[in-house]
Each structure stands twice: as C-alpha cells, then as structure tokens.
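Worksheet for the structure shown next.
The values are calculated or read from the model by the stated rules, or taken from the named source; none is laboratory data. Predicted model, so just to flag it, every value in this text is computed and none were measured. Methodologically, a virtual Cβ is constructed for each residue, glycine included, from the backbone with ideal geometry; neighbour enumeration extends over all protein chains shown.
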Amino acid sequence: MKKITLGAALVLLAACALLAAAAKGVAGGGQNTNSGKSETGTSANANANASRGSAKMSADTKFAAGAAVGGMEEVELGRLAAQKGASDEVRQFGQRMVDDHSKANQDLTAVASAKGLALPAALDAKHQGEVQKLSALSGDKFDQEYVGMMVKDHKKDVAEFQKESTDGADADIKAFAARTLPVIQEHLQMIQRIHDKMMLRKSGNLKTTANANAGADMNSNAGGNTNSNRGKSKGNKNSNSNTGSNSNSNM
C-alpha cells in the first residue's frame, strides 16, 4: 500500500509540473501576442504619419504642376489677345499677361529644377482646347470670351495661390506662391475693370453717361455765350444814348 501510494504521489507531482509548465507557456504566449500587437500599432502609426506627410508634399507638387500649365496658357492666350483684341484695353492686357506670366513661369521652372521636380512642358488637352476655341474668334466676340475667361481664371488662381502661400509644406514652392500672388491679384483687378466697363458699354449706360456730360458742357457754354452777348448789347445801348445826349447839347 505504501508503494502504491508513493507511486501515485509521484504521478500527481509530475502532472502538476506539466500543468505549471503549460500555464507558463500560455502566459508567455500572451505576452508575445501583446508585444506583437504593440509593435504593429506603432508601425501603423508611423505609416499613417508618413502618408500624411507624403500627401502634403503631393499637394505642393500638384500646385506647382497646375501653376505651370496655367502660366503657359496665360502666355498663349495673352499673345492672341495682343494680336486679335478688338479694343486697346484687351490688347494691352494681353501683352501684360505675356510679360508677367513669362517671368513667373521662369521663376517656377528655376524652383522646380533646383528640387529635381519635373513640370509639364506643354498644355494638356483641356487647356489646348481653350486656346483653339479663342483662336477661332475675332472682334468683339473674341474680347467678350477672352475677358470672361480671364476673370474666371484669375479668381481661381488667386484662391489657389493664397492657399499655397499660407498652407504650403514645401518652403520653396510656398515662397514662389507668396511672391507671385500680388501680381495675379493685380491682374484680377485689371481684368475686372475691363469686364465691368465692357458690360456698361454693352448695356448702353456708358454711352448715356458720356452724352449727359457732353450735354452739360454744351449747355454751360451756351449759357456763357448768351450772357456775354447780352452784356455787349447793353453796353452798345448805353454808348448810343450817351452819344445822342452829347450831340444835342452841342447844338
């Protein structure tokens, strides 16, 4: 009975040892699992941060590419306006676009080259189509289409350059936007004045105002001439009266 009892005790101790080892292994496995999850979470956070940074830089690149294409189109349309514009104002504005946007394009190209950034070298299909559309127009129709397009484009450009000049992540592209923004804002003011004047002329209000001013000048001049003549007539009457009186007195 003692041998049997001792044997049973040894078996029981062995079973307990096995259970303890198994429990320790489970605990260790749990720690490894948690550790793996922690490392995975850290990696995910790092990737998310990198993606946000990449997206931010992509926004700068996208702005630069858009500015390059827009600048090339402004030069092409400006050449058309300088040649085909029906009014002096449109022709002068077109030449201003050629001069200013050529300089801005050179500035942007220099910035991109220093960063190893490739910019579009030609207009895409959409912008090329707009150039061809205006090329087929002439006279007042050309002026109306060109001025309307310039107002719309420059409002969009001002908003985009303002955003990049304040929110840009790339310091060089951001600086380009900041120094070019005042030029584009001036362009918008210029073309808006031309547009407003064109609308007044089209409605007839500008012509009416000119006629009213001319009429006022004519009335003013007529009034002045009438008063002057009246004064002269009165003076002549006085002269005749005095002459007559002197003649009678001598007789």
Taking segment 109-133 and keeping residues of a type in the set (A, V, I, L, M, F, W, C) and without any contact (Cβ under 8 Å) to a residue 60 or more places away in the chain leaves ALA110, ALA112, ALA114, LEU117, ALA118, LEU119, ALA121, ALA122, LEU123, ALA125, VAL131
| request: Please indicate, with yes or no, whether at least one residue in segment 100-112 is in a strand (DSSP E or B) and either at pLDDT below 95 or not hydroxyl-bearing (Ser, Thr, Tyr) (or both). | output: no
Subset of segment 170-223, residues aliphatic (A, V, I, L, M) and at pLDDT below 95, comes to MET198, MET199, LEU200, LEU206, ALA210, ALA212, ALA214, ALA216, MET218, ALA222
Flagged pairs (Cβ under 6 angstrom, 6 or more apart or on separate chains; first in segment 163-180, part of a helix (DSSP H, G or I); second among the charged types (D, E, K, R)) are ILE173/ASP60; ALA177/GLU164
Filtering segment 113-130 down to residues that are assigned to a helix (DSSP H, G or I) and either over 19 Å from the mean Cα position of the chain (by Cα) or within 13 Å of ALA65 (Cβ to Cβ) (or both) yields SER113, ALA114, LYS115, ALA125, HIS127, GLN128, GLY129
